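For reference, the structure discussed in these notes is given below.
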Amino acid sequence: MTESDEGETVVAGKSVILSGADMDASERYRGKDGMGEGGMGGGLLYRDVHVGREVAMKVLTPEFADNETKRMRFLREARIQAQLDHPCIVPVHGIGETRGDIPYFNVKRVRGHTLSSILYRRRRGHPGTLQEFTTKRLMHSFAQVCLAVDYAHARGVIHRDLKPSNIMVGGFGEVYVLDWGIARVLGAAEGGLLDTRELVDLHTMSGSLLGTPGYLAPEQIRGEDLDGRADVFALGAVLFEILAGEALVP
């Protein structure tokens with residue numbers, strides 16, 4: 001990611017110009033650095049000069065800008081995450097579109113290591129990792145993840161893709177559950193509490209299996225209707241990996 005003199009941000013070789021009407025970007029947000037690419041969007045680091053803080057901005061990859069399914073999934077993730085107000089779920093500060101009509105949402109900037117990278121280094125016997133991320137500390141972090149998932153379930157949201165790479169552990173006790181892009185959201189009639197008017201059901205958008213092999217509950221693999229027990233299965237697989245040092249399902 002680079003920035004030109006005109007305030008033009010380049011993501012994956014294409015320009016992304018933030019709309020002044022949406023964000024007052026020319027006065028408030030200053031582009032700083034890239035933060036890596038996800039499946040559908042790249043992460044950008046901005047400084048909010050009004051309040052003196054850094055914010056992370058996720059922008060839909062420009063090549064998907066005209067793909068209606070990708071746009072809906074991207075915005076769906078932002079709206080779900082914005083409605084889950086929990087210390088272990090990254091808060092969403094705003095949702096909008098760039099001048100090129102590319103969706104984005106900005107969130108709290110978080111720092112840390114994914115649980116998958118921590119477990120990998122522990123398996124390799126990395127001395128610093130073994131000293132910093134003891135089993136006791138990881139178990140404490142795992143308990144916080146469980147509380148966040150319990151909160152989401154109470155709001156009628158099933159994550160459906162819990163795995164070590166979607167858990168981030170910070171240096172000061174912070175723990176975050178990431179990537180709510182394929183979450184199932186229960187409607188009001190089913191006991192859900194989120195505003196679902198803008199949330200598209202992913203079952204109507206894709207016939208492919210949603211989730212990550214190795215962490216899928218049997219009923220998820222069979223394509224059955226899911227409830228919170230699917231997430232509990234995934235949490236059990238994560239717990240096994242923390243304690244045994246290897247994946248439950250290779």
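The values are calculated or read from the model by the stated rules, or taken from the named source; none is laboratory data. Keep in mind that this is a model prediction, so the values were computed, not measured. Cβ sites come from the backbone with ideal geometry, for glycine too, and all protein chains shown count toward neighbours. Heavy atoms of the whole protein, side chains included, go into the accessibility calculation; ligands, DNA and RNA do not. Shrake-Rupley method; radii C 1.70, N 1.55, O 1.52, S 1.80 Å.
What to note about this one:
- Residue 114 hydroxyl-bearing (Ser, Thr, Tyr), free of Cβ contacts under 8 Å to residues at least 40 places away in the same chain and surrounded by fewer than 21 Cβ atoms within 10 Å (Cβ to Cβ): no
- Just one residue in the set 104, 120 is without any contact (Cβ under 8 Å) to a residue 40 or more places away in the chain, more than 24 Å from residue 186 (Cα to Cα) and not acidic (Asp, Glu); that residue is 120.
- Scanning the range 136-192 for residues that are under 30 Å from residue 71 (Cβ atoms), in a helix (DSSP H, G or I) and either at pLDDT below 95 or not polar (S, T, N, Q) (or both) yields a total of 11.
- Residue check, residue 227 in contact (Cβ under 8 Å) with a residue 40 or more places away in the chain, among the acidic types (Asp, Glu) and under 28 Å from residue 110 (Cα atoms): no
- The single condition among (1) open to solvent by less than 40 Å² (accessible area, probe 1.4 Å); (2) closer than 21 Å to residue 80 by Cα; (3) of a type in the set (S, T, N, Q) that residue 196 does not meet is (1).
- Pair list, Cβ under 7 Å, 6 or more apart: the range 163-189 residue without any contact (Cβ under 8 Å) to a residue 40 or more places away in the chain and buried (at least 22 other Cβ atoms within 10 Å of the Cβ), other residue among the aromatic types (Phe, Trp, Tyr) and in a strand (DSSP E or B): none
- Residue within the range 44-58 that is within 30 Å of residue 159 (Cβ to Cβ), crowded, with 19+ Cβ neighbours inside 10 Å, among the basic types (Lys, Arg) and at pLDDT 80 or above present: yes
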